[in-house]
Amino acid sequence: MVRYKKSEEKRKQILHAAFRALSERGYDAVTLQTIADHAEVSKGVVHYYFESKEAVLVELLEWLTGRISAKEQAAVAEQHTATGKLTAYIGSAFPGPAQNRAFYRVYLDFLARASRIPVYREINQRFYDSCAGISTEVLTLGQQEGIFSKELSPDKTAPVIRAIIDGCLIQWLMADKDELHEVFKDSCYTAIMKVLSV
């Protein structure tokens, strides 16, 4: 049991290192050696846990999107009104400039390759399915409360909600101004409310 725990901790250490390496250097510049350097272990240690750079990155994307999904779901579950859930969802998606910058630098690298690498596409689809579940919960509750249009179908509307969130975050990232983070977060909420409202 202790050995298993140490093994899991070492894997997480390597994944954290891979995340930092990708955020700083970009997908193409990262190698197993780069990851090892960031983890402060030998390349052999990384190779013991992962057979290739690709294996590290597949697990990294799975781990990253899984953690974000869990945080967003937990934040939304604590709220009991549609607007409370939407605010919590957006707040969870906009944790802060440093976190958003690091994540989207890495995530956009993965998305750029998803059309050609099926496993990335599959992992990202699971992430978007989770996002759709949250958006559907928000929309359905708002329809029950009478504040969101009953004409909207969850299947068509849920992807739009996430598209607005991702779009606002990408625009903020491209602006490269930390002080605009809150502005884009507020604009995101306003835009989604316009889409959903009666």
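The values are calculated or read from the model by the stated rules, or taken from the named source; none is laboratory data. The model shown is predicted, which means the values in this text are computed figures rather than measured ones. Virtual Cβ from ideal backbone geometry, glycine too; neighbours counted across all protein chains shown. Note: areas computed on protein heavy atoms with side chains; ligands, DNA, RNA excluded. Shrake-Rupley method; radii C 1.70, N 1.55, O 1.52, S 1.80 Å.
Observations on the model:
- Unmet requirement for THR65, which otherwise passes all of (1) under 17 Å from TYR128 (Cα atoms); (2) of a type in the set (S, T, N, Q); (3) surrounded by fewer than 18 Cβ atoms within 10 Å (Cβ to Cβ): (3)
- Filtering the range 161-194 to residues that are β-branched (Val, Ile, Thr) and within 26 Å of GLN143 (Cβ to Cβ) leaves ILE161, ILE164, ILE165, THR190, ILE192.
Residues are listed down the side, and each one gets a yes or a no for (1) out of contact with any Phe, Trp or Tyr (no Cβ under 7 Å at 6 or more places or on another chain); (2) touching a residue at least 24 places away in the same chain (Cβ under 8 Å); (3) part of a helix (DSSP H, G or I):
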position	(1), (2), (3)
VAL106	no, yes, yes
GLU122	yes, no, yes
ARG126	yes, yes, yes
THR140	yes, no, yes
LEU152	yes, yes, no
ILE161	yes, yes, yes
ILE164	yes, yes, yes
SER187	yes, no, yes
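- Test for ARG126: is it under 12 Å from the mean Cα position of the chain (by Cα), among the basic types (Lys, Arg) and buried (at least 19 other Cβ atoms within 10 Å of the Cβ): no
- Among the candidates GLU72, GLU59, the residue that is assigned to a helix (DSSP H, G or I), open to solvent by less than 50 Å² (accessible area, probe 1.4 Å) and either of a type in the set (D, E, K, R) or in contact with a Ser or Thr (Cβ under 7 Å, 6 or more places away or on another chain) (or both) is uniquely GLU72.
- Residue that is nearest to the chain's Cα centre (by Cα), among those in the range 129-158 that are open to solvent by 80 Å² or more (accessible area, probe 1.4 Å) and not acidic (Asp, Glu): LYS156
- Looking only at residues in the range 175-198 that are over 15 Å from GLY96 (Cα atoms) and exposed (fewer than 13 other Cβ atoms within 10 Å of the Cβ), the one that is farthest from the chain's Cα centre (by Cα) is VAL198.
- Within the range 1-50, the set of residues being of a type in the set (Ser, Thr, Tyr), surrounded by fewer than 20 Cβ atoms within 10 Å (Cβ to Cβ) and within 28 Å of ASN100 (Cβ to Cβ) comprises SER23, TYR27, THR31.
- Output for the range 159-174, where each listed residue is closer than 16 Å to TYR104 by Cα, open to solvent by 70 Å² or more (accessible area, probe 1.4 Å) and not aliphatic (A, V, I, L, M): GLN171
- Scanning the range 78-97 for residues that are part of a helix (DSSP H, G or I) and in contact (Cβ under 8 Å) with a residue 12 or more places away in the chain yields a total of 12.
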